[in-house]
1. Quick one: in the stretch 182-220, of everything that is hydroxyl-bearing (Ser, Thr, Tyr) and under 16 Å from His156 (Cβ atoms), which residue is nearest to the chain's Cα centre (by Cα)?
2. Taking into account only those residues within the stretch 71-100 that are of a type in the set (A, V, I, L, M, F, W, C) and more than 18 Å from Val114 (Cα to Cα), which is surrounded by the most Cβ atoms within 10 Å (Cβ to Cβ)?
3. Anything in the stretch 181-218 that is modelled with pLDDT under 95 and either in contact with a strand residue (DSSP E or B) (Cβ under 7 Å, 6 or more places away or on another chain) or in a helix (DSSP H, G or I) (or both)? List them, or say none.
4. Looking for something basic (Lys, Arg) and over 21 Å from His100 (Cβ atoms) - is there at least one such residue anywhere in the stretch 170-188?
5. Test Leu57 against the criterion of being in contact (Cβ under 8 Å) with a residue 60 or more places away in the chain, within 15 Å of Ala86 (Cβ to Cβ) and touching a strand residue (DSSP E or B) at 6+ places or on another chain (Cβ under 7 Å), and give yes or no.
6. What's the number of the only condition in (1) within 19 Å of the chain's Cα centre (by Cα); (2) modelled with pLDDT under 95; (3) over 28 Å from Ser6 (Cβ atoms) that Asp223 fails to meet?
7. When you scan the stretch 126-145, how many residues do you find that are more than 22 Å from Tyr237 (Cα to Cα), of a type in the set (A, V, I, L, M, F, W, C), assigned to a strand (DSSP E or B) and out of contact with any Pro (no Cβ under 6 Å at 6 or more places or on another chain)?
8. For the stretch 178-208, which positions are of a type in the set (Gly, Ala, Ser), loosely packed, with under 13 Cβ neighbours inside 10 Å and without any contact (Cβ under 8 Å) to a residue 40 or more places away in the chain?
Amino acid sequence: MAGHLSIKSPFACLSIDHDLRLSAEGFTADEGARTLGDLLMVLRGRLKPKLPDGTILYRMYRSFMRPSDEKVFKARNLRHDITIMASLVIGSEPNKTLGHYHPVASGGLTYPEVYHVLHGRATYLLQKEEAGKVTEFVSVEAKQGDALIIPPNYGHVTVNTGDESLVMANLVSDRFASVYGGYVKMGGAAYYLLKDGRLVANSHYSKLPKPRMAPPNFRVSKDLYDDFLSYPSCFAYLNQPLRLGSLGRL
């Protein structure tokens, strides 16, 4: 694991230790973690790497906020999270998240989500399914300061493609639980991103579309936390995706 890391953002000074534990004065959160053992079923070839199953791949800090701001978030049914991912290689792949879909919110559209890279580099792998088939696969590279809306009806995996810990903030509805079963059943995303930068098809899928690249599709003025507190109504689409319109197109 990397050594101690301090990140100064407009809303807080984030202190991260060698074990990916986060602290920030005046903030509280619900902490969770994913280990290598949790991700074995979504690794390329489902081969067990030469790392202990208990190796922490990333930590999640859900509802990361000042207690004094809790009423504003709850009134909008939104949650602000921080995720910290270790920089390491698992077999032939850089460290990645398990991958998940969101359930339908309204009008046949699933809940969107917004990510903001606070430190490091990420590649977001998004895939759209229709009638049980992946019809679109998009890779988005993001550096510190970049932000991305996960549009409705896309599943997504985050890959730490930098040589440091990846630190991300996200805003998302608190009305649902993520759906991981599809990624576990299929052994990961439709394509694996390898440490050499190649995208390799997952043989558990059939008739895959050609991957395409897209740039980050959102911009923050300060950071997600302060932007939300300043303009909470601007994030109503996170619970009402029909209001998203053309915002967030990939």
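1. So, considering only residues that are hydroxyl-bearing (Ser, Thr, Tyr) and under 16 Å from His156 (Cβ atoms), the one nearest to the chain's Cα centre (by Cα) is Tyr183.
2. Among those residues, the one meeting the criterion is Ile90.
3. Within the stretch 181-218, just Lys207 meets the criteria.
4. Looking through the stretch 170-188, none of the residues is basic (Lys, Arg) and over 21 Å from His100 (Cβ atoms).
5. In short, no.
6. Status for Asp223: all satisfied but (3).
7. 1
8. Gly181, Gly197, Ser203
The values are calculated or read from the model by the stated rules, or taken from the named source; none is laboratory data. Since we're looking at a predicted model, the values are computed, not measured. Neighbour counts run over all protein chains shown; Cβ positions are idealised from the backbone, glycine included.
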